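Derivation of every value follows stated rules applied to the coordinates shown; laboratory data play no part. A quick note: this is a predicted structure, and the numbers were derived from the prediction, not measured. Here the Cβ is made from the backbone with ideal geometry for all residues, glycine too, and neighbour counts use every protein chain on show.
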Amino acid sequence: MRLAIPLFLRIFLGFWLVTIVVLGSAIVAGNYLDALVPDNGSLIEGKRRTPGPEGPPRVFVRLLYELQNAPREQVPQIIQAAQSKHKVEVYLIDPEGRDLLQRALPPPAASIAAELDRDRRRVFQRRGAKQYLGHLLYRADTGPLRSVLVLPAPRIPLVTVLGSNVWLRAALALLVSGLLCYAVSRLLTRRLAALRQAARRLAEGDLGTRIHVRASGRDETDDLARDFNHMAELLQERINAQKTLLANVSHELRSPLARMQVALALAEQKPEGAPAQLARIAREAQRLESLVGELLDSQTASPDLEQHIDLVVLLEELCGDARFEAGEKHRIVFHTDLAEALVTGNGSQLRKAFDNVLRNACHYSPPQSTITVSLQQNGAAHTITVADQGPGVPESDLTRIFEPFYRVDTARDRQTGGHGLGLSIAKQALLRHGAGISARNTHPGLAVEITLPACAADAA
């Protein structure tokens, strides 16, 4: 399981990590690079320096101390030990410029010794592959001496350059700290960069944009990514709902507009019946206005389901409207043995639901066919069946015909099939009333069956 580190802790750890690296670089450059010869104790075999509270000195400091204070007979042994153990050549030069052990002086060693005087007690130079350390000494038996230590230069050129150039060491520290700061900043801004890219894609219309994020975690960037995904999901739902609303409005407006067109056509054909047709047009216009308002209200608030509706009266009115619109094209029959069938719900919502089912049956029935609407009571529920004589639908599509925008290709082409919203709108309205809707093939035709809970008094 991956541990979630809060943003504050990341910044805190990053700050101290950079600080430690910078300080460590300064310490390494100031101490390690200047102490290239390891500390192996005294150069005289069998003698070791006892550590003191001041810390162990560098090897060449002990070497100079022993050259200055050791007995004369031990000096060759000390020089030989330095040569064998540490690859350090040692020359002791008297005031006349001669080596104490009568050896030939290399020109660089003689040059370094010549630079030593009372005002300059130490000299350190690098020449080629070697380093030269000059230091003034004083022995009781010989008087003042000038010592020259020849040290091998570091094998790594970069180490040599760093050890001799303080500005380069500072530049290296800045480079290392800069890389660490960049890594920390990338770690902190990686999720922000992903969020920025996702926001741009969302603004360009890609509503399916999401940020990959763990399901849980206490990291603030994870919380931000989850909030963004939730916002994008809600935005996608709202925009899709607006698109669906627009499609539903256009679908619902077609019914009253179609009846108004029929009334206008009849008024033009038979002027003597114009007053009746004008009344029909006025009634449809009023219903059209009410329908638009209800569709808009249904998107912001739940419909009122406290009305008592008589299904007998409602279905008779709908069948009458359907007969008027169909004319002689279809025969619409309503059949029931009930004098009254009360349900609790919203009259407008139920009217639209039944009207969509009935119009769907009329639309896909062949001319001169019969559409039968029946109402019966089954215990505590009323069952409404709308049966047509159309081609029906494949058995595998009987449940899918209630999905939004779904159309059966064999019966619903672009010229006659509409948008595939009628049964979907009806199903959504009926579900709000606790009703059920299903379809079955009757060979020929399709029967849509709706079951509505009856009122308590009516059910008894």
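Quick one: which residues, 5 or more positions from R139 or on another chain, have an amide H under 5 Å from its amide H? H modelled 1.01 Å from N in the peptide plane, none for Pro or chain starts.
L145
Going Cα to Cα from K130, which lysines come in below 19 Å? Please leave out same-chain ones fewer than 8 positions away.
Excluding near neighbours in sequence, the set is K85, K87.
Rounded if a/c is under 1.5, else prolate if a/b beats b/c, else oblate: with a ≥ b ≥ c from the C-alpha gyration tensor eigenvalues square-rooted, which is the range 320-359?
Here the range 320-359 falls in the oblate category.
Given R₀ = 56 Å, FRET efficiency for A203-Q125 by Cβ-Cβ distance, to 0.05? Let's see the in-between values first.
Numbers: r = 66 Å, r/R0 = 1.19.
In this case the efficiency is close to 0.25.
Restricting everything to alpha-carbon atoms, can you work out Rg to Rh for the range 68-160 with a Kirkwood hydrodynamic radius?
Using Cα coordinates only, the ratio equals 0.97.
Using a Förster distance of 41 angstrom, determine the FRET efficiency expected from the C-beta separation of S216 and T399, and round it to 0.05.
So, using R0 = 41 Å, E works out to roughly 0.65.
What is the extension gain from L17 to T189, computed as 0.36 nm multiplied by their sequence separation minus the C-alpha to C-alpha distance, in nm to one decimal?
Using 0.36 nm per residue and subtracting the Cα-Cα distance, I get 60.1 nm.
Please state the Cα pair-distance histogram of the range 170-251 with 10 angstrom bins from zero: what percent is in each bin?
Histogramming the range 170-251 at 10 Å steps yields 16, 31, 23, 16, 8, 4, 2, 0 percent.
Could you give the length gained on full extension between D337 and R238, defined as 0.36 nm per residue of separation minus the Cα-Cα distance, in nm?
The span from D337 to R238 would gain 31.1 nm if fully extended.
If amide hydrogens are placed 1.01 Å from N in the peptide plane, which non-local residues have theirs closer than 5 Å to the one on G445?
For G445, whose amide H was placed from the backbone, the distant partners under 5 Å are G390, G392.
Express in whole angstrom the spacing between the alpha-carbon centres of the range 112-137 and the range 316-351.
Centre-to-centre (Cα) distance: 117 Å.
Computed FRET efficiency, Cβ-Cβ of W167 and A114, R0 22 Å: what is it to the nearest 0.05? It would help to have the intermediate numbers written out before the result.
Details: r = 30 Å, r/R0 = 1.34.
Efficiency for this residue pair is about 0.15.
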